[in-house]
Amino acid sequence: MKTLSLDLNLKLSTLVAALVLAGCSTTKPPEKIAVDLPTQYREAANLDGSWKVAQPADGADRGAWWTVFGDTELNRLIGEATQSSPTLAMALARVKEARATAGLADADRAFQLGAAFGPTRQGTASATSTQWQAQLGASYEVDLFGRLSDSSRAARLDVEGQEAAYRSVLLALQADVAQQYFAIRSLDSELDVLQQTIKLRQENMRLVQHRYDAGDTSELDVAQAQTELSVTQAEQEGVSRSRAQRDHALAILLGKAPAQFTLVTAPLQPVTVSVPPGLPSDLLERRPDIAQAQRQLAAASARIGVAKAGFFPSLVLTASGGFASDALHNLFQWSSRSWLLGPVVGSVLNMPLLDGGRNKANLAKADANYESVVANYRQQVLVGFQDVEDNLSALRTLDNQIRFQEDAVKSAQLAARLADSRYRNGSTSYFEVIDAQRSSLSAQRAKSQTVGQRAVASVGLIRALGGGWNEAAASNSALALAK
């Protein structure tokens with residue numbers, strides 16, 4: 001008896017030591033990491049330089065940020081895209097899938113109960129028999145080393161990551177619609193300039209032809225006037241082709257075939273959206289792609305815990321009870337009752353001994369995935385800062401460029417008028433008129449393109465900052481309704 005007691009104590013001591021060591025070795029890497037960030041943006045000349053520690057706010061309401069542009073047609077298009085985009089529908093489906101997967105992980109932690117009914121036929125060389133059974137079975141796995149809780153947490157973080165991905169797709173869709181819209185409007189402005197220039201070229205052609213018929217000029221001037229008219233008409237066709245392709249791309253964003261949609265032509269109105277002072281301090285809080293990367297980082301950490309728990313025992317409590325009888329009519333009699341508990345006082349303790357290196361490989365895989373996700377998180381943060389810097393720089397330089405181009409347009413138009421007047425008075429050759437009109441057309445087209453780029457950059461900055469900068473109602477209703 002004394003020897004038996006010593007053996008039992010030794011086994012219990014060994015088990016306790018294993019549990020203690022297991023508790024120490026299932027430590028997970030951090031779910032948040034420090035990133036070396038600048039204290040302010042390089043392109044911060046117009047900002048107050050304020051900065052604060054970021055608090056995750058990717059789920060915060062962004063409001064209808066596109067209304068800041070004051071364009072009713074743009075408002076309508078973004079609303080339509082939000083309702084009909086296949087890309088957004090796919091992102092929402094991935095959220096639902098992640099939620100279902102998280103439900104499966106939670107189910108593994110729950111008490112399991114099942115029922116069974118049916119006959120069992122068995123026999124020997126001399127006799128056969130049939131036994132009828134009606135049983136209830138129950139099982140429950142005790143989460144000794146956090147495998148189940150870590151798996152459930154990783155699945156919930158995956159859900160949060162997919163929700164952030166949905167918001168990222170939503171923001172990208174809205175921004176893409178706005179940028180395509182402004183790009184088309186910029187091309188409309190170019191077409192307007194080209195159409196006016198073509199009318200001017202046609203008038204010049206008639207004038208030169210009249211002077212040639214009257215013997216006041218040579219056939220060279222006629223050929224040059226015809227050349228300039230044809231060149232401008234060819235440029236108009238090129239811009240029309242670009243507009244058609246942009247129009248087709250916008251139709252796809254709206255969830256329509258190109259044949260089902262055409263944006264009515266209208267020149268671009270200048271966009272004057274400016275950045276409020278101190279706004280960029282919200283960058284890491286609002287960008288859904290960075291939030292998704294952070295959730296992926298936390299999930300990867302939890303999965304390392306799952307992999308480490310695989311090295312240690314699992315404890316499953318099992319029991320069953322019901323009725324068993326050789327005759328169906330006696331099955332539910334009290335004398336036919338039966339029950340069964342697990343082999344060790346209602347429990348099954350499984351300890352992995354030889355697994356061919358499976359658990360070691362799983363842990364190595366989880367570690368490698370964590371390292372990859374850490375690098376991805378840092379990269380997403382850096383890309384976020386680059387996006388803001390790029391668009392701040394674009395807005396600053398484009399504003400200056402537009403001012404210079406406005407001066408150039410005024411000077412070029414004046415020069416074209418003076419050259420035309422001098423030609424009509426016979427004071428100069430048609431070469432001077434052509435050169436002046438070319439410069440005027442080039443300056444006007446360049447300004448139209450820059451104004452369009454400025455509008456696109458304004459949307460790009462809002463996109464880089466994770467959405468608008470107001471506290472109005474958000475456009476994430478589709479995601480909320482899906483919960």
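Which one of these is within 26 Å of Leu170 (Cβ to Cβ), part of a helix (DSSP H, G or I) and either more than 24 Å from the chain's Cα centre (by Cα) or at pLDDT 95 or above (or both): His329, His248? Spell out how you get there, then give the answer.
On the way: His329 fails: within 26 Å of Leu170 (Cβ to Cβ).
Exactly one residue qualifies, and that residue is His248.
From Asp192, Asp158, Asp143, Asp188, which residue is of a type in the set (Asp, Glu) and modelled with pLDDT under 90?
Values: Asp192 fails: modelled with pLDDT under 90; Asp158 fails: modelled with pLDDT under 90; Asp188 fails: modelled with pLDDT under 90.
Matching residue, one of Asp192, Asp158, Asp143, Asp188: Asp143.
Looking at (1) of a type in the set (A, V, I, L, M, F, W, C); (2) farther than 22 Å from Glu31 by Cβ; (3) modelled with pLDDT under 90; (4) touching a Leu at 6+ places or on another chain (Cβ under 9 Å), which one does Ala412 not meet, given that it meets all the others?
It fails just one condition, (3).
Among the numbered criteria (1) over 30 Å from Ser301 (Cβ atoms); (2) modelled with pLDDT under 95; (3) assigned to a helix (DSSP H, G or I), which one does Tyr181 miss?
Of everything listed in (1) over 30 Å from Ser301 (Cβ atoms); (2) modelled with pLDDT under 95; (3) assigned to a helix (DSSP H, G or I), Tyr181 misses just condition (2).
Look through Thr232, Thr217 and report the one residue that is buried (at least 19 other Cβ atoms within 10 Å of the Cβ), more than 25 Å from Gln444 (Cα to Cα) and not basic (Lys, Arg). Lay out the reasoning, then the answer.
Details: Thr232 fails: more than 25 Å from Gln444 (Cα to Cα).
Matching residue, one of Thr232, Thr217: Thr217.
Give the stretch 195-218 a look and list any residue that's on the phi > 0 side of the Ramachandran plot and at pLDDT 90 or above, or say none.
Applying the first criterion (on the phi > 0 side of the Ramachandran plot) to the stretch 195-218 yields 215.
Selection gives nothing.
Test Asp407 against the stated conditions and say whether it is modelled with pLDDT of 90 or more, assigned to a helix (DSSP H, G or I) and not aliphatic (A, V, I, L, M).
Details: modelled with pLDDT of 90 or more: yes; assigned to a helix (DSSP H, G or I): yes; not aliphatic (A, V, I, L, M): yes.
Judged against the criteria, Asp407 is a match.
With the condition kept exactly as written, say whether any residue in the stretch 342-362 is closer than 26 Å to Pro30 by Cβ and buried (at least 16 other Cβ atoms within 10 Å of the Cβ).
Residues of the stretch 342-362 that are closer than 26 Å to Pro30 by Cβ, as a first pass: 359-362.
Filter once more, keeping what is buried (at least 16 other Cβ atoms within 10 Å of the Cβ): 359, 362.
Yes, some residue in the stretch 342-362 is closer than 26 Å to Pro30 by Cβ and buried (at least 16 other Cβ atoms within 10 Å of the Cβ).
List every residue pair whose Cβ atoms lie under 6 Å apart, where the two residues are 6 or more positions apart in sequence or sit on different chains, the first residue falls within the stretch 82-99 and is in a helix (DSSP H, G or I), and the second residue, located anywhere, is among the charged types (D, E, K, R) and surrounded by 20 or more Cβ atoms within 10 Å (Cβ to Cβ).
Val95/Glu163; Ala98/Asp158
For the condition touching a residue at least 24 places away in the same chain (Cβ under 8 Å), closer than 19 Å to Lys199 by Cβ and among the polar types (S, T, N, Q), what is the one hit in Ser421, Ser393, Ser439? Show your work before the answer.
Working: Ser421 fails: touching a residue at least 24 places away in the same chain (Cβ under 8 Å); Ser393 fails: closer than 19 Å to Lys199 by Cβ.
After applying the criteria, what remains is Ser439.
Say we look at the stretch 219-238 and pick out the residues that are under 21 Å from Val193 (Cβ atoms) and among the hydrophobic types (A, V, I, L, M, F, W, C); which of these is modelled with the lowest pLDDT?
Restricting to residues being under 21 Å from Val193 (Cβ atoms) and among the hydrophobic types (A, V, I, L, M, F, W, C), the top hit is Ala225.
Residues to consider are Phe323, Phe311; find the one that is under 25 Å from Ser152 (Cα atoms) and surrounded by fewer than 23 Cβ atoms within 10 Å (Cβ to Cβ). Quick ask: steps written out before the conclusion?
Numbers: Phe323 fails: under 25 Å from Ser152 (Cα atoms).
The unique qualifying residue is Phe311.
Residues Val373, Val388: which one is crowded, with 18+ Cβ neighbours inside 10 Å, modelled with pLDDT of 90 or more and outside any strand (DSSP E or B)? Please lay out each step first, then the result.
Working: Val388 fails: modelled with pLDDT of 90 or more.
That would be Val373, the only listed residue that is crowded, with 18+ Cβ neighbours inside 10 Å, modelled with pLDDT of 90 or more and outside any strand (DSSP E or B).
The values are calculated or read from the model by the stated rules, or taken from the named source; none is laboratory data. All of these numbers come straight from a predicted model, not from anything done at the bench. Every residue, glycine as well, gets a Cβ built from its backbone with ideal geometry; the counts of neighbours run over all protein chains shown.
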